[in-house]
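A.B. asks: Can you read through this structure? Questions will come right after.
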Amino acid sequence: MAKTTWKYTLREIIIVIIGISIAFSMNKCAENAKDNKLKTQYLTNLKSDIEADKAHLQKNIEAINNKLELCSKIIPVLNSGTDQDMQLLYNIFEIVKYENFSPKSTTYKTLIHSGDLKLIEDFKLKTTIQQHYSNYDELADVYVRHTSLIKDYLGNYLVNHSDYDQIQKGNSPFLDEIKLKNIVRALLTTFNDKKEATKLGLDSCDHLIAEIDTALE
């Protein structure tokens, strides 16, 4: 009788252990499925953000190329002694406008602050994501330097070294064309820097999109 009871007890213990193991496995599978679904959603949203950033950067490249062309037209005319028409004034005010770039980083920030970046187990993909947003920081530095030059030098010149009443007399409003020419030349350099940084940003977008596509396959 005791032997039978012992066998029965052992069998019950084994059944309980098996039941717990099955329940644990099912729960683990459910968690994994939930994590995979969440990871897929993160990557899908992240790709959407990067594609929007890429479109913005492409528009910036077009605008910067236009500004580079305007600078090449402005420089030979300034302090040349030639008669200037309203086109010069228009071109000067066109290059005052500057391109901003504010990346769509909500998904990335959520990944970081929530700790969900751990859901992305692919080390290469995780590193590519982090490097991409680090590249944005470098891009922002170049944009800030260019904007500062526009505001501090060209903006200041247009306010303090121009007489717009001269336009009604058919004269150029720019009082010191040598100074203005030097400012535009400096801008030409920062436009080129800005263009190269923007190109690198676009390359980074393409690289990350390709990595995400591979992960989503």
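A.B. asks: Within segment 193-212, does at least one residue satisfy the condition of being loosely packed, with under 14 Cβ neighbours inside 10 Å and among the polar types (S, T, N, Q)?
C.D. replies: No, every residue in segment 193-212 fails to be loosely packed, with under 14 Cβ neighbours inside 10 Å and among the polar types (S, T, N, Q).
A.B. asks: What pairs can you find where one residue is in segment 162-185 and free of Cβ contacts under 8 Å to residues at least 12 places away in the same chain, the other is among the hydroxyl-bearing types (Ser, Thr, Tyr) and surrounded by 13 or more Cβ atoms within 10 Å (Cβ to Cβ), and their Cβ atoms are less than 7 Å apart, with a gap of 6+ or different chains?
C.D. replies: Note: pairs meeting the criteria are 166/172.
A.B. asks: I would also like to ask the following. Out of the residues in segment 157-185 meeting the condition of being exposed (fewer than 14 other Cβ atoms within 10 Å of the Cβ) and within 36 Å of the chain's Cα centre (by Cα), tell me which one is nearest to residue 135 (Cα to Cα).
C.D. replies: Taking the candidates together, the pick is 185.
A.B. asks: Let me ask something additional. For segment 101-212, which helices (runs of 4 or more DSSP H) that fit wholly inside it have 3 or more residues that are in contact with a Lys or Arg (Cβ under 9 Å, 6 or more places away or on another chain)?
C.D. replies: Correct list: 123-149.
A.B. asks: Now, a different point. Which of the residues spanning segment 111-137 are in contact with a helix residue (DSSP H, G or I) (Cβ under 7 Å, 6 or more places away or on another chain) and free of Cβ contacts under 8 Å to residues at least 60 places away in the same chain?
C.D. replies: Result: 117, 126, 133.
A.B. asks: Please state which one of 134, 105 is loosely packed, with under 13 Cβ neighbours inside 10 Å and among the small types (Gly, Ala, Ser). Explain how you work it out, then say what you get.
C.D. replies: Values: 105 fails: loosely packed, with under 13 Cβ neighbours inside 10 Å.
After applying the criteria, what remains is 134.
A.B. asks: Given the conditions (1) within 30 Å of residue 40 (Cα to Cα); (2) aliphatic (A, V, I, L, M); (3) in contact with a helix residue (DSSP H, G or I) (Cβ under 6 Å, 6 or more places away or on another chain), which single one is not true for residue 188?
C.D. replies: Checking residue 188 against (1) within 30 Å of residue 40 (Cα to Cα); (2) aliphatic (A, V, I, L, M); (3) in contact with a helix residue (DSSP H, G or I) (Cβ under 6 Å, 6 or more places away or on another chain), the one that fails is (1).
A.B. asks: What's the number of the condition residue 97 fails, among (1) modelled with pLDDT under 95; (2) surrounded by 11 or more Cβ atoms within 10 Å (Cβ to Cβ); (3) closer than 26 Å to residue 155 by Cβ; (4) charged (D, E, K, R)?
C.D. replies: (2)
A.B. asks: May I pose another question? Assess whether residue 150 counts as being of a type outside the set (D, E, K, R), touching a residue at least 12 places away in the same chain (Cβ under 8 Å) and surrounded by 13 or more Cβ atoms within 10 Å (Cβ to Cβ).
C.D. replies: On the way: of a type outside the set (D, E, K, R): yes; touching a residue at least 12 places away in the same chain (Cβ under 8 Å): yes; surrounded by 13 or more Cβ atoms within 10 Å (Cβ to Cβ): yes.
Judged against the criteria, residue 150 is a match.
The values are calculated or read from the model by the stated rules, or taken from the named source; none is laboratory data. Model, not experiment: these values are computed from the prediction. Heads up, the Cβs are rebuilt from the backbone with ideal geometry, glycines too, and the neighbour counts pull from every protein chain shown.
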